[in-house]
Structure formats: C-alpha cells, structure tokens
Amino acid sequence: MDGTNDVLRLLLSTLTQLVQGFGYTLAIFGLTLIFSIPLGLLICKGRMSKIPVISLACRLYISVLRGTPLMLQLLLVYFGPYYVFRVSLGNDYRFIATIIAFSLNYAAYFAEIFRGGIQSMSKGQYEAATVLGFSKSQTYFKIILPQVVKRVLPSVSNEIITLVKDTSLAQVLSVAEMFTKASAAASKQVSVMPFIVAGLFYYAMNLLIEFILNRVEKSMSYYS
Amino acid sequence: MSDANNDIVLEIKDVHKSFDKLEVLKGISMDVKRGEVVAVIGPSGGGKSTLLRCATTLEKVDNGKIVIGGDVLCDGGKYCDKATEKEIRSKFGLVFQNFNLFPHFSVRRNVTEALIHVHKKSKDEANIICDELLLKMDLVEKADAYPCNLSGGQQQRVSIARALATNPEIIFFDEPTSALDPELTKGVLTVIKELAREKMTMVIVTHEMAFARDVADRIVFMDGGVIVEEGPAYELVTNPQQERTKAFLAGY
Ligand SMILES: Nc1ncnc2c1ncn2[C@@H]1O[C@H](COP(=O)(O)OP(=O)(O)OP(=O)(O)O)[C@@H](O)[C@H]1O
Ligand SMILES: [Mg+2]
C-alpha cells in the first residue's frame, strides 16, 4: 500500500515540475517561430539580392548557422557579451539568449526553404501578373507568396517538429524548460521515469502539431 | 496626333534587340491597324516570341520605337516613365503558349482579379464582365473550377478571357495552341476566329498555317530577326514571293 502511494506521490511531483518547465518549452517554441520566420524571409530576400555584398553576407550567415552546432551557438550568444564586452546581463538573459540563438539558427534553415520555394515558381507567373498590370507588391503577395506557402509547407513542418525537440537544448543555459526539469528530477530520484514522462510530453505536443499541419496542408490542396 | 495615327493601334519601328552578342531582332517595323488581325509566322528561333515580348514590356528593346494605343513605350531605345508603362499595360492583353493561369485562383478569380485590383472595378461589375466572357468562351459551368481541373484547351480559353477582361485595344497571342493536343486546338481557334469577326485587333504568332490564312488579314513572315515578307494572308500563303518564304511554307 505504502509503496504504491510513494510511486504516485513521486509521479505527481514529477508531473508538477515538468508542467512548470513546459511553459518555458512552449515559450521558446512560440517565440522562436515568431521571430525566425520573418527573419528567415528577410535573409532569403538578401540571399537572392542582386547586390553581391548582401547576397554574399546572407550566404555566409546561412552557411555558418547551419554548419555549427546549435548548442555552441547558444553558449556563444549567452557568454559572448561577457567575454567580449565584460558586461554581465543578469539572470533573465539566459532566456533571452536562448530565444536569440534559436531564432538566428532557425532563420537560416527557413531562409533556405523559402528560397527553394520562391525559385521553384515559374517565370510565367511573374510575367502573367506583370502584363495584367499588377504592381510588384501585388504580384508578390497575391500571386507568388500564397503558392510558395503551399510549396514550402512540408519542409517548414519538418523544421517545426524538430524545433519542439530542439527546445531541450536550452538546458545548457540552465533555462528552466521541461528537459532541464526532467534531468533534475531524474538525478534526484535516481530514475529514468521523469525522462519517459518528458518524452511523452514532447511526443504529445508533436502529435498535436502534426494534426494541425495536416489540416493546414489539406486546406491548401484544392489546387495543384 | 493626326487622325490617321488614331487608327494605328500598334506601331513598331526599326526595333533592335540582342541577348548578349546574339542579335535576335535586326530592325523590325510593322503597324497594326484597329480591327486588323496579323499573323506572324516563321521558323523556330526567328525572333517571333521576342518581338511579342518586346511589345508587351516583358523584354526591353535596345533601339527603336514602340507605340501602343497612342502611348509611346519607347523611342530610340529610351523607355517611358512608370505611369505611362502602367497605362500601356492596360491597353493590351497577352495570351501565353503555356497559359500561365494562376493555379491558386478559381477560373472566376483568374478573370476578375486584375479588374478589381488593377482597374478598380467593383466585385459586381467584374463578375458581370466575367460571366459574359465565360459564356463566350463556352466555360460558364467552369467559373468555380480551378485550372488544374481543366483541359489544356479550357485553360487556354480561360487565359483568353483573362486577357479580354480589361477590354484591351489589342491582344497578342504567342502560339496559343502549340501546347495543346490536336483535338483541343479547335475550341481555341474557334474562339479566336470569333474575336476576329468582332474586329478585335490581334497579333497572333502561330504555326497553324491554314488558320493564319483563313483568319488573318495580313501575314508577316519572320526569319533570322528580320521580316522577310508580308502581305495579305491568302496571297502570301498561296503565292509567296521570297525564296525563304516558299521554302518555309513548303514544309506545311
Ligand atoms: N532570354 C533569352 N536569353 C538569351 N537568348 C534568348 C532569350 N530569349 C530568346 N533567345 C534567343 O533568341 C532567338 C529567338 O528566339 P524566339 O523565342 O524569339 O524565337 P521564335 O521565333 O519565337 O521561335 P519558336 O518558333 O521556336 O518559338 C533564339 O535564338 C533564342 O535562343
Ligand atoms: Mg516562340
């Protein structure tokens, strides 16, 4: 009797801790998407720019951010200001640094996905819009972008699902997100149970995301 | 402007165009009068598409003059300002070989989008124009369909409706039936014939010799970036004067 009670109590306290951490996980996830998608679009524009300096700079940016570990980027963004400028940015900066590093990193991936989508559009779409008198911005927002969204959705979905799992990397900056909490609970309890529960949380979140993305994809399948 | 000029919808004068070192148009001149149907024929690579693309602002000429509906697009290779260019774009329509319909828009939206957002017509006005055109194109029941669910012939008729919607003074066609299976070309050609009967001013690049002969008032034969021969359609096809024209027509 006492034994089952202990297990239940342990499970409950683990759950409470993970739920507390899950708030941070959601925040990292949401804020990263909000910042990295527009930034990715901007970098994609720059990458396709006719001005060599801009295009080259964006290429370098994409290459470096995709070519180095996200964990390393997290550490650099967090410790960089201290080692370079000798400024201490306080405890809140852990979370801010996490959002900055994630957004910069994911923007690089999104930029390349968007570029693929935009470049897959046929010249004929632009030309048809031009001769009909559409302005450049009308052409972009009415004709090109909606079609690009449909084309890039599968790749963007991939990144979104990866991001859910990548949020656990914030552990290196001791941000109190779910994985940090799970690790702490696991070592305290000397048990893998917290990791398993955390795994279920991540999986449930991705199931929900998959469901939503499938719905979105379906809503755009009225044309091909 | 003199009255005589008012009857000329398209004026092309000594147009030159090169891609890098390759001179594709070597001094092309032609006038198209209001209500006239001109067919442009000639072997592949002769510059027919390039000429059409220059006239429709999709390519820039290096030298020469283009006037559409009284507005000067370029003169001596110098181009007009943006406002004039926009004005000119409302005066012509272009039908592409491969349609270039907007796949994410329904047939109705393909036809009405420019009316509403470029020509600032109300939705109701645009829909009335659209319904009329779809009736003419024999596409009434397809108004809510998407291009991907239409046959090539139907798609091309939608693109003709789209080009006609803004009531242009002249329509350019670049091989409107070349991307179609033979059995689908008929519907498209019938529609163009009907437009010719209504005195729509048209310039049609085509490889359909019988069609050019029967529908066009005038045929222009282009080869190697120059106009080799031009004349009344029937005469040019049945009794060409130039050797190159004869050789080309012998292939049909
Ligand atoms: N954007 C371009 N860049 C370089 N060369 C081009 C370009 N467009 C056309 N050309 C060249 O210009 C020449 C004329 O091409 P154009 O498409 O005008 O011929 P056409 O008479 O329409 O031929 P077809 O009957 O095959 O359609 C060709 O040699 C072609 O390779
Ligand atoms: Mg051509």
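Quick notes
- Candidate aspartates and glutamates - alpha carbon under 17 Å from B:LYS82, same-chain residues fewer than 8 apart omitted: A:GLU127, B:GLU59, B:ASP71
- Value of relative contact order over region B:103-167, rounded to a whole percent, pairs C-alpha under 8 Å and six or more apart: 50 percent
- Heavy-atom accessible area buried between chains B and A is around 1900 Å² (1.4 Å probe, both sides summed).
- For region B:33-48, backbone phi angles converted through the Karplus equation (6.51, -1.76, 1.60; θ = phi - 60°) give residue-by-residue couplings of 7, 4, x, 8, 10, 10, 9, 10, 10, x, x, 4, x, x, x, 4 Hz, Gly and Pro being listed as x.
- Prolate/oblate/rounded label for chain B (Cα gyration tensor, a/c 1.5): oblate
- Residues of type aspartates and glutamates that B:LYS21 reaches as a straight line, Cα spacing below 14 Å, ignoring anything fewer than 8 places off in the same chain: B:ASP62
- Loop-located GluC sites (Glu not before Pro) across region B:159-239 with a Cβ neighbour count of 15 or fewer within 10 Å are B:GLU198, with loop assigned by DSSP.
- Shielding score for A:127-140, defined as the mean number of other chain Cβ atoms within 10 Å: 6
- Applying 1/(1 + (r/R0)^6) with r as the Cβ-Cβ distance of A:SER122 and A:VAL172 and R0 = 51 angstrom yields a FRET efficiency of 0.70.
- Candidates per trypsin sites (Lys or Arg not before Pro) in region B:151-239, loop by DSSP, up to 15 other Cβ within 10 Å: B:LYS199
- Direction-averaged projected area, Cα convex hull, region A:2-223: 16.0 nm², rounded to one decimal.
- Taking each DSSP H run with n ≥ 4 as -39500 (n - 2.57) and averaging over every residue of chain B yields -11000 deg cm²/dmol at 222 nm.
- Compactness relative to 2.2 N^0.38 Å, alpha carbon Rg of region B:103-167: 0.98
- Max mean-square fluctuation residue, GNM over chain A, Cα-Cα springs under 10 Å, options A:THR14, A:THR167, A:THR32: A:THR14
- Neighbour-limited loop hits for trypsin sites (Lys or Arg not before Pro), region A:37-72 (at most 11 other Cβ within 10 Å; DSSP other than H, G, I, E, B): A:LYS50
- Between A:TYR140 and A:VAL64, the simple label model (points 7 Å from Cα in the Cβ direction) yields a spacing of 2.6 nm.
- Overall, the anisotropy analysis places region A:1-133 in the oblate class: the square-rooted eigenvalues a ≥ b ≥ c of its C-alpha gyration tensor yield a/c not less than 1.5, with a/b not exceeding b/c.
- Förster radius 51 Å - calculated FRET efficiency between A:LEU42 and A:ASP6, Cβ distance, rounded to 0.05: 0.40
- Among the residues of region B:111-157, those with an accessible-area drop of 30 Å² or more from chain alone to full protein complex, heavy atoms and 1.4 Å probe, are B:GLU113, B:ALA114, B:HIS117, B:VAL118, B:TYR146, B:CYS148.
- Among A:ALA57, A:ALA185, A:ALA170, residue whose mean-square fluctuation peaks in a GNM of chain A (springs only between Cα atoms under 10 Å): A:ALA57
- Non-local lysine pairs in chain A, meaning eight or more places apart or on different chains, with alpha-carbon distances under 22 Å, amount to 14.
- Rolling a 1.4 Å probe over the protein heavy atoms gives the protein assembly as shown an accessible area of 50 Å² per residue.
- Debye-sum result for the protein assembly as shown in log10 I(q)/I(0), which assumes one identical scatterer on each alpha carbon, at q = 0.07, 0.10, 0.13 Å⁻¹: -0.55, -0.85, -1.16
- Long hydrophobic helices in chain A, taken as whole DSSP H segments with a C-alpha length of 30 Å or more on their own axis and mean Kyte-Doolittle hydropathy at least -0.5: A:2-47, A:93-119, A:193-219.
- Using alpha-carbon coordinates, inclination of helix B:107-117 to the longest axis of chain B, degrees: 80 degrees
- Cross-link reach list, lysines versus B:LYS246, counting only Cα pairs under 23 Å and skipping chain neighbours closer than eight places: B:LYS26, B:LYS48
- In the structure shown, the pairs B:LYS120/B:LYS199; B:LYS33/B:LYS186; B:LYS120/B:LYS142; B:LYS86/B:LYS193; B:LYS91/B:LYS120 are assessed against 18 Å; a Cα-Cα span above that value is assigned to B:LYS120/B:LYS199; B:LYS33/B:LYS186; B:LYS120/B:LYS142; B:LYS86/B:LYS193.
The values are calculated or read from the model by the stated rules, or taken from the named source; none is laboratory data. Just so it is clear, the structure is predicted and the values come from calculations on it, not from any experiment. Cβ atoms come from the backbone with ideal geometry, glycine included; neighbour counts cover every protein chain shown. Note: accessible area is taken over every heavy atom of the protein model, side chains too, but ligands, DNA and RNA are not part of it. Shrake-Rupley method; radii C 1.70, N 1.55, O 1.52, S 1.80 Å.
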